[in-house]
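Structure, as structure tokens:
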Amino acid sequence: MTTAVKTDAALFELALRMGDNALILAQRVGAWCGHAPILEEDIALANVALDLIGQTKMWLGLAGEIEGKGRSADDLAFLRDARAFRNSLLVEQPNGDFAMTLMRQFLFDAFHHPMLVGLKSSADARIAEIAEKAEKEARYHRERSEDLVIRLGDGTEESRARMQGALDALYPFAGELALADAIDAELATRKIAPDLAAIGARVCDYLKTVFAEATLNAPWDAAVRKGGKQGAHSEELGYILAEMQWLQRAYPGAKW
Amino acid sequence: MYAQMVKSTGERPKTLDEMSPEERAFQARVDADIKIEPKEWMPEGYRKTLIRQIGQHAHSEIVGQLPEGNWITRAPTLDRKAILIAKVQDEAGHGLYLYCAAETLGISRDEMTEQLLSGKAKYSSIFNYPTLTWADIGAIGWLVDGAAIMNQVQLQKCSYGPYSRAMVRICKEESFHQRQGYDIMMKLCAGNAEQKEMAQDALNRWWWPSLMMFGPSDKDSVHSAQSMAWKIKPMSNDELRQKFVDQTAPQAEYLGLKIPDPVLKWNEAKKGYDFGEIDWNEFYEVLKGDGPCNKERMAARRKAWTDGQWFRDGLMAHARKKRARKMAAE
């Protein structure tokens, strides 16, 4: 019985981590609507945000099911406080200029895609099923981000400087995504999730290739900034939630 | 109805006798409902009026992203958030088709953007009103998209091929937008007292600005006659406004909301509603740039364009480098 509860907890955490990353990043990216540098980017960013919201619904829906307390995806998205969120620090970082937004997206996509590929062979069929759907979207997101990082890194002096600045600021947050804790280790042992160290190594090789082509230099040895996966967030998250959860909090129980 | 007060030639339409042989042949095609295509001869006034009309329409789609985009981060459920993002994305897509349609008339997208940002080109007055509550997102879908469809359905028959075809596609998406707006209103009206009040307040604020979307009354619309003769504006402003009121009044009743017009009443004899006079002073003020959000909307668009300069330049520079490398390798 004790084992059963523990099993549920690790699965629940995994679904929250995946879902919260998607939700918080969608929340950030969605704020660009109407403000992007060119119409095509307004459309592309809206696409990314839409895919991520779709994934949020699946992951948080599953989290609620695993938890078994009758909480829906909306309850989890709109009625949890910051400490209960499990997204990485990277996705909650501010939009900044378009270079920051793109670099944040690229660093996330670089991890997200191989992670989902790994989850497609999860021992848990529900997880494998969500990963199957989300992986195609994440592949497209990564292709798009990679392409833009290369073009802007190897563009003008200014575009290179902005992309380099964004990389310097955001790279320290990237490590957390593939940094395993006890929950990740348990999930890997049970073949529910891939071994994060292996994913991390693959991501690192991939980033090296792309940054070389983009003429950018990552601060490879920078200290990893972490904590979000365990609920220890940056100050940013509180403001994100205050905005996102406003209506649900102001009108408790109302249907929208 | 995004093109609201499009200047045409300012002249009355020419009679057949006054027309050159080319103009006569052109008018005969228009009268026979044969679509005019980009490479064909067309009167300069027709071309210019269409550029203004399509440009205004496209700019309205672009600026129109702002009031609704304002609520993306605050949408109350995951589904509502997804639907709203999809809707705002559609508006950007409409802008894109429309700029492409205008480009077939010999103007570039950058030139049109320049005209918008300098204030030379107009966009619909409706987007200069603020979205204060979630109910405004419902009211915009229901009323603003409802008014837009009224105009765009008739524009599917417009004489200019690329514009008419863009409208066919746009209309399909707009009817989805209107339904989602009405759906938000239905949810609010079936909700608690605060939600109902929110819905009524949104209707109070959006009703008259929505009627203004159809442009000045026919008696003050100096450019309509030529546009109607060219079939780039198949129906008059007042005809469309009447149709909109006739369609919308029963929908408000179904929601249990009261349209903020004491004069509004069914007229059995004309089989349509009588309704009150629009505050034309407000209409012209907003058009002139003195509406509640004109300054903010334009500032947001200018900021997006200026802040994005390095991005656009970077992509162009990379394309040039790539071409040069390819040529060096060959």
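The values are calculated or read from the model by the stated rules, or taken from the named source; none is laboratory data. Just so we're clear, the structure is a prediction, and the values are computed from it rather than from any experiment. Reconstructed Cβ throughout: ideal geometry from the backbone, glycine too, with neighbour counts over all protein chains shown. Heads up: the accessible areas ignore ligands, DNA and RNA and are worked out on the full protein's heavy atoms, side chains in. Shrake-Rupley method; radii C 1.70, N 1.55, O 1.52, S 1.80 Å.
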For B:Lys39 and B:Ser175 in the same chain, what is the full-extension length gain: residue separation times 0.36 nm, less their Cα-Cα distance, in nm? 45.8 nm
Starting from the Cα gyration tensor of chain A, take the square roots of the eigenvalues, sort them a ≥ b ≥ c, and report rounded, prolate or oblate (rounded when a/c is under 1.5, otherwise prolate if a/b is larger than b/c, else oblate). oblate
Amide H contacts under 5 Å for B:Gly272, placed H, 5+ residues apart: B:Asn267
Round to a whole number: what % of the accessible area of chain A belongs to carbon and sulfur, probe 1.4 Å? 55
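Skip the ligands, DNA and RNA, and give the accessible area per residue of the range B:191-330 with a 1.4 Å probe, whole Å².
So the range B:191-330 comes to 54 Å² accessible per residue, rounded to a whole number.
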Rounded to the nearest 100 Å², what is the buried accessible area between B and A, both sides summed, probe 1.4 Å? 4100
At the level of C-alpha centres, the distance separating the range A:69-104 and the range B:209-225, in angstrom, is 46
Across 20 Å bins from 0, what is the distribution of all Cα-Cα pair distances for the protein assembly as shown, in whole percents? 19, 46, 29, 6, 0
Heavy-atom accessible surface of the range B:76-233: percent carbon and sulfur, 1.4 Å: 58
With springs only between Cα atoms under 10 Å, which of A:Ala46, A:Ala174, A:Ala77 fluctuates most in a Gaussian network model of chain A? A:Ala46
Heavy-atom accessible area of B:Lys303 with all protein chains present, probe 1.4 Å, nearest 10 Å²? 120
Which distance in Å, rounded to a whole number, links the C-alpha centroids of the range A:121-151 and the range A:225-256? 25
Between A:Glu213 and B:Glu197, what's the calculated FRET efficiency when r is the beta-carbon distance and R0 is 45 Å? Round to 0.05. 0.20
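What FRET efficiency comes out for the pair A:Lys191/B:Arg312, r = Cβ-Cβ distance, R0 = 51 Å, nearest 0.05?
0.60
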Return the long-range amide H neighbours of B:Tyr160 (sequence gap of 5 or more, or a different chain), with a cut-off of under 5 Å between placed amide H atoms. B:Ile36
Run the numbers on the range B:155-197: which residues show a drop of 20 Å² or more in accessible area, chain on its own versus all protein chains together, using a 1.4 Å probe over heavy atoms? B:Lys187, B:Asn192, B:Glu194, B:Gln195
I'd like the FRET efficiency for A:Asp181 and B:Lys303, computed as 1/(1 + (r/R0)^6) with the beta carbon distance as r and R0 of 35 Å, rounded to 0.05. 0.25
Extend 7 Å from the Cα of B:Arg325 along its Cα-to-C-beta direction; within the range A:189-230, residues with backbone N under 13 Å of that point are A:210-216
If you roll a 1.4 Å probe over the heavy atoms of the protein chains, what accessible area per residue do you get for the range A:1-111, in Å²? 29
Between the range B:132-207 and the range B:2-64, what's the alpha-carbon centroid distance in Å? 28
